[in-house]
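The values are calculated or read from the model by the stated rules, or taken from the named source; none is laboratory data. The structure displayed is predicted, hence computed values, not measured ones. Every residue, glycine among them, receives a Cβ derived from its backbone with ideal geometry; neighbour counts consider all protein chains shown.
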Amino acid sequence: MSQQNPIFIPGPTNIPEVLRKAVDMPTLDHRSSQFAGILQPALAGVKKVLKTETGSVFLFPSTGTGGWEMAITNTLSPGDKVLVARNGMFSHRWIDMCQRHGLNVTVIETPWGAGLPADRYEEALSADTGHQIKAVLATHNETATGVVSDIKAIRAAMDRAGHPALFLVDGVSSIGSMDFRMEEWGVDIAVTGSQKGFMLPAGLAILGVSPKARAAVETATLPRTFFDLRDMEKGYSANGFPYTPPVGLMNGLKTACDMLLDEGLENVFARHRRIADGVRAATSAWGLELCAKRPEWQSDTVSAIRTPEGFNATHIVTHAAEVYGMAFGVGLGVVAGKVFRIGHLGQLTDAMALSGIATAEMVMADLGLEIELGSGVAAAQAVYRHGNTTQKREAA
Ligand SMILES: *Cc1c(COP(=O)(O)O)cnc(C)c1O
């Protein structure tokens, strides 16, 4: 596979040169004062990206999955009730983890391709008058189906039900790419990883923890050692770490936050929206449909595209890799073979997106799908081009 082509899997994402350099650094003594110069700005940067004032940021050598484990083991006890909706492979895996930890999981089954149903969360919470449910779990962006959900609406549902449960949110494929407001949305723990919106190699679980979630740590009894927030907190307060930190990645994270904040989070989100709009326009031009059933559920970081009945969508991914050296994402779980995914998060430009759209077109035509070469590219160009300058001048 070409090392030069951009990749179009929804994480890990393309790593900008500046971040590759930031990650590549000589060993330093993490017990020296040099480490503070990396740790503190990284924590402060993530705090801004998460949009939290009162929350604290924690970084564990792990991935998003480890972030889930940190979130539940630090705040819950065996047998605790949790409420969670399943609408794809990632919400499914988080549910599986809760069950394996001996939590009592109530699952709101939701069609794959639909957003999380705030009304059904509200129903379940309102019925729980004894407040047995200790945590509400939600996956902001279901990466398997390309579905983004309304986290603010779920918080509103919790508030309407007057329910005190903790609100734990998987923002692994949304944070740093799509609007996310930890404080405003009343998120108690926000989970992400280094290899998606932060554009770094995998290796860091990145978490925001509210004061309410922090308080729950004192009474939660699920076993935890490596992921114990209190050890990490003690480390940070002395500008240290409870074990050997991945210093290069943390230096990368500091730089990634600078990049996102320099571009401006609103601009980053607008860029993701524009690039996604181009991919969506191409999809329509191909006569195909997204797995996300309604426009408001269509993710700006990944598009899961349904292929015609009887066609194995995985062939697109294999053929693209083998023949064109380009990586797209396969369908997972229930939609395996039914969709292929174009990941469009992280460091991506319009021109990079066009190369992915053009390649997807060639692949589909090669495989006998009725795709008119150039149709998707033209549709995306119409979204990306900056307009007819002659007309703009006349209008001015
Ligand atoms: C990628 C992803 C995960 C898993 O993260 P890892 O870093 O692979 O452990 C969890 N949730 C969502 C929504 C994801 O996109």
Confirm whether Asn87 is in contact (Cβ under 8 Å) with a residue 60 or more places away in the chain and within 16 Å of the ligand (Cβ to nearest atom).
yes
Considering only residues that are touching a strand residue (DSSP E or B) at 6+ places or on another chain (Cβ under 9 Å) and either part of a strand (DSSP E or B) or of a type in the set (S, T, N, Q) (or both), look in the range 69-84 and name the one that is nearest to the ligand (Cβ to nearest atom).
Val84
Given (1) among the aliphatic types (A, V, I, L, M); (2) touching an Asp or Glu at 6+ places or on another chain (Cβ under 7 Å); (3) not in a helix (DSSP H, G or I), Ala157 misses just (3)
Going by the structure shown, is Leu39 under 18 Å from Gly240 (Cα atoms) and surrounded by fewer than 22 Cβ atoms within 10 Å (Cβ to Cβ)?
no
Take Ser91 and tell me if it is in a helix (DSSP H, G or I) and either under 21 Å from the mean Cα position of the chain (by Cα) or farther than 21 Å from His163 by Cβ (or both).
yes
Considering (1) of a type outside the set (D, E, K, R); (2) closer than 19 Å to Asp300 by Cβ; (3) surrounded by fewer than 21 Cβ atoms within 10 Å (Cβ to Cβ), say which one Phe226 fails and leave the rest.
(2)
Out of the range 6-16, which residues are outside any strand (DSSP E or B) and within 16 Å of the ligand (Cβ to nearest atom)?
Ile7, Ile9, Pro10, Gly11, Pro12, Thr13, Asn14, Ile15
Among residues of the range 1-44, those that are among the polar types (S, T, N, Q) and closer than 22 Å to Gly176 by Cα, counted:
3
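Can you work out which of the residues in the range 96-146 that are of a type in the set (Asp, Glu) and within 14 Å of the ligand (Cβ to nearest atom) is surrounded by the fewest Cβ atoms within 10 Å (Cβ to Cβ)? Steps first, please.
As a first pass, look at the range 96-146 and keep what is of a type in the set (Asp, Glu): 96, 109, 119, 122-123, 128, 142.
Now narrow it down to the ones that are within 14 Å of the ligand (Cβ to nearest atom): 96, 142.
Numbers: Asp96: 12, Glu142: 33.
Restricting to residues being of a type in the set (Asp, Glu) and within 14 Å of the ligand (Cβ to nearest atom), the top hit is Asp96.
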Within the set of pairs 6 or more residues apart or between chains, which connect a residue that is crowded, with 22+ Cβ neighbours inside 10 Å inside the range 328-343 to a residue that is at pLDDT below 95 with Cβ atoms less than 8 Å apart?
Gly343/Gly11
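How many residues, within the range 135-153, are in a strand (DSSP E or B) and in contact with a strand residue (DSSP E or B) (Cβ under 6 Å, 6 or more places away or on another chain)?
If we filter the range 135-153 for residues that are in a strand (DSSP E or B), which is where we start, we get 135-139, 141-142, 147-148.
If we keep only those that are in contact with a strand residue (DSSP E or B) (Cβ under 6 Å, 6 or more places away or on another chain) as well, we get 135-139, 141, 148.
So the answer is 7.
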Out of Gly102, Gly113, Gly66, I need the residue that is out of contact with any Ser or Thr (no Cβ under 7 Å at 6 or more places or on another chain) and not in a helix (DSSP H, G or I). Which one?
Gly102
Evaluation of Met362 against (1) within 19 Å of Gly278 (Cβ to Cβ); (2) crowded, with 19+ Cβ neighbours inside 10 Å (one fails), failing number:
(2)
Could you tell me whether Thr63 is within 19 Å of the chain's Cα centre (by Cα) and either farther than 27 Å from Asp150 by Cα or away from the ligand (no atom under 15 Å from the Cβ) (or both)?
no
Could you check the range 5-45 and list, in sequence order, the residues that are of a type in the set (S, T, N, Q) and in contact (Cβ under 8 Å) with a residue 60 or more places away in the chain?
Asn5, Thr13, Asn14, Thr27, Ser33, Gln40
Considering Gly252, Gly240, Gly329, which residue is assigned to a helix (DSSP H, G or I) and in contact with a Lys or Arg (Cβ under 9 Å, 6 or more places away or on another chain)?
Gly252
Provide a single number: the residues in the range 107-160 that are without any contact (Cβ under 8 Å) to a residue 40 or more places away in the chain, over 21 Å from Gly88 (Cα atoms) and hydrophobic (A, V, I, L, M, F, W, C).
4
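Given the condition more than 16 Å from the ligand (Cβ to nearest atom), modelled with pLDDT of 95 or more, within 26 Å of Pro164 (Cβ to Cβ) and aromatic (Phe, Trp, Tyr), answer yes or no: does some residue in the range 231-243 qualify? Don't jump to the end; show me each part of the working.
Here is the first cut: in the range 231-243, the residues more than 16 Å from the ligand (Cβ to nearest atom) are 231-243.
Narrowing the set further to residues that are modelled with pLDDT of 95 or more leaves 231-243.
Narrowing further to those that are within 26 Å of Pro164 (Cβ to Cβ): 232-233.
Next cut, aromatic (Phe, Trp, Tyr) only: none.
Among the residues of the range 231-243, not one is more than 16 Å from the ligand (Cβ to nearest atom), modelled with pLDDT of 95 or more, within 26 Å of Pro164 (Cβ to Cβ) and aromatic (Phe, Trp, Tyr), which makes the answer no.
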State the number of residues belonging to the range 17-31 that are modelled with pLDDT of 95 or more, in a loop (DSSP other than H, G, I, E, B) and surrounded by 17 or more Cβ atoms within 10 Å (Cβ to Cβ).
0
Mind listing whichever residues of the range 32-63 are modelled with pLDDT of 95 or more and part of a loop (DSSP other than H, G, I, E, B)?
Lys51, Thr52, Glu53, Thr54, Gly55, Ser62, Thr63
Would you say Val317 is buried (at least 17 other Cβ atoms within 10 Å of the Cβ), of a type in the set (A, V, I, L, M), in a helix (DSSP H, G or I) and touching a residue at least 40 places away in the same chain (Cβ under 8 Å)?
no
